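A.B. asks: Take a look at the following structure, please.
Nothing in this text is a laboratory measurement; each read-out follows from the coordinates by a stated rule. If you're wondering where the values come from, they're calculated on a predicted model, not measured in any experiment. Cβ sites come from the backbone with ideal geometry, for glycine too, and all protein chains shown count toward neighbours.
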Amino acid sequence: MITAEHIQTYRYYAGDIDAWARLKNSESTMTDGIWYTIQNILHDLYLTKHANTSEIFRQQLSNQIRAVCENPQVEKELLELSAETNP
């Protein structure tokens, strides 16, 4: 489950998993799996914005975001993060 803390961590390290792996806080709840989930969603959001993706793809992505985010605020933060980054 992606939380606001995970979005904040991903943003802090600017999507650089190597930096996070070297410098991560031992108290953080971020895991490799959560990191990759965020990264993959950001990539898919980029595709929906810059490529010709199907309605089914966009709907599945929307469903995935709702399923993996803790609450609507985290969904919003993830979408904001996608506007700030390029995968």
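A.B. asks: Treating the angle as unsigned and between 0 and 90°, give the value, to the nearest 10°, between the Cα long axis of helix 72-84 and the longest Cα principal axis of the chain.
C.D. replies: Taking the Cα atoms of the chain, the angle to 72-84 is about 90 degrees.
A.B. asks: Next question, about the same structure. Quick check on the range 36-80: what does the Kirkwood estimate of hydrodynamic radius come out to from the alpha carbon pairs, in Å?
C.D. replies: 10.7
A.B. asks: Further, regarding this structure: Using Cα centres only, tell me the gap between the range 20-36 and the range 40-55 in whole Å.
C.D. replies: 25
A.B. asks: Okay, next question. What percent does the relative contact order of the range 4-84 come to when contacts are Cα pairs within less than 8 Å and at least six residues apart?
C.D. replies: Value for the range 4-84: 40 percent.
A.B. asks: Which residue fluctuates the most in the chain, going by a Gaussian network model with Cα springs under 10 Å, if the choices are 65, 56, 41?
C.D. replies: Comparing 65, 56, 41 in the GNM, the peak value goes to 56.
A.B. asks: Please identify the GluC sites (Glu not before Pro) of the chain that satisfy two criteria: DSSP loop assignment and at most 15 other Cβ atoms within 10 Å. Which are they?
C.D. replies: Taking the chain and a limit of 15 other Cβ atoms within 10 Å, the loop GluC sites (Glu not before Pro) found are 27, 70.
A.B. asks: How fast does the range 4-84 diffuse by Stokes-Einstein, in µm²/s, taking the Kirkwood radius from C-alpha pairs at 20 °C and 1.002 mPa s?
C.D. replies: In µm²/s, the coefficient rounds to 162.
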